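Worksheet for the structure shown next.
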Amino acid sequence: MKLNGIRCKSCGASIKIKEGDKNVTCPYCNNTYTIDDENKNETSKTKSSAQINKTVTPQLMILLIMIPIIIVVNIAIIAGVVTSRSRSVSNKVSSQVENSKVEQKKEQEKRKLQTEVFGFNMFYSSGTKIGGNVGYQLDHVITSNKTNKDRAITVKYQETQTTSPDEILQIKKKLKEFDNYEVILNYDDDGFVKELIVEEVK
């Protein structure tokens, strides 16, 4: 005997019917249906719907729900990576700009120091000089030591070693204008003359 089925219009349950049955009752909600040609057609449709519904498994439903979630999560991750990279690039550019400013400042300070060193040292030279030339250099030492005590130049001659303008003047008076003297210059770490040594040439 061939069994067919219809779907209950009230609760949606599947109701099995036998061939030749005229009436069937839903075992879940007790609704009774009269079986006729229209119901048979409906039975056929219901069977088709049931087959379709069977293909929509719980796993497929979960998958259909998860796909949009996965897409949204991936978009969020990509957006986060892009944002992170943008921040990284921005930080790198900022760091490079800051380093560039620091380097420019150092270069400016270096050039300023070089200018100051040149201006400070331009009156002094080492080597063999006549007394008059040495006296000229000592005059500049006297002036510099009066106005720039932070960079006072020490003068050495014979037993005298001093930064005092008065004592340096006394050294100058001891030099003979046309006799030869050896001038030796020593410099500090920044390149400024810090010591002027006068020795007699024998």
Going residue by residue through the range 112-119, is there one that turns out to be part of a helix (DSSP H, G or I), among the aliphatic types (A, V, I, L, M), in contact with a strand residue (DSSP E or B) (Cβ under 6 Å, 6 or more places away or on another chain) and farther than 15 Å from residue 199 by Cβ? no
For residue 44, which of the numbered conditions (1) surrounded by 10 or more Cβ atoms within 10 Å (Cβ to Cβ); (2) at pLDDT 80 or above; (3) assigned by TED's automatic domain parsing to the domain that holds residue 8 fails to hold? (2)
Matching residues in the range 140-157 (buried (at least 16 other Cβ atoms within 10 Å of the Cβ), over 11 Å from residue 193 (Cβ atoms) and free of Cβ contacts under 8 Å to residues at least 40 places away in the same chain) number 2
Restricted to the range 126-139 and to residues being of a type outside the set (Asp, Glu) and out of contact with any strand residue (DSSP E or B) (no Cβ under 7 Å at 6 or more places or on another chain), the residue surrounded by the most Cβ atoms within 10 Å (Cβ to Cβ) is 135
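The values are calculated or read from the model by the stated rules, or taken from the named source; none is laboratory data. Treat the numbers as computed from the prediction; the structure is a model and nothing was measured. Using ideal geometry, Cβ is built from the backbone for each residue, glycine included, and neighbour counts are taken over all protein chains shown.
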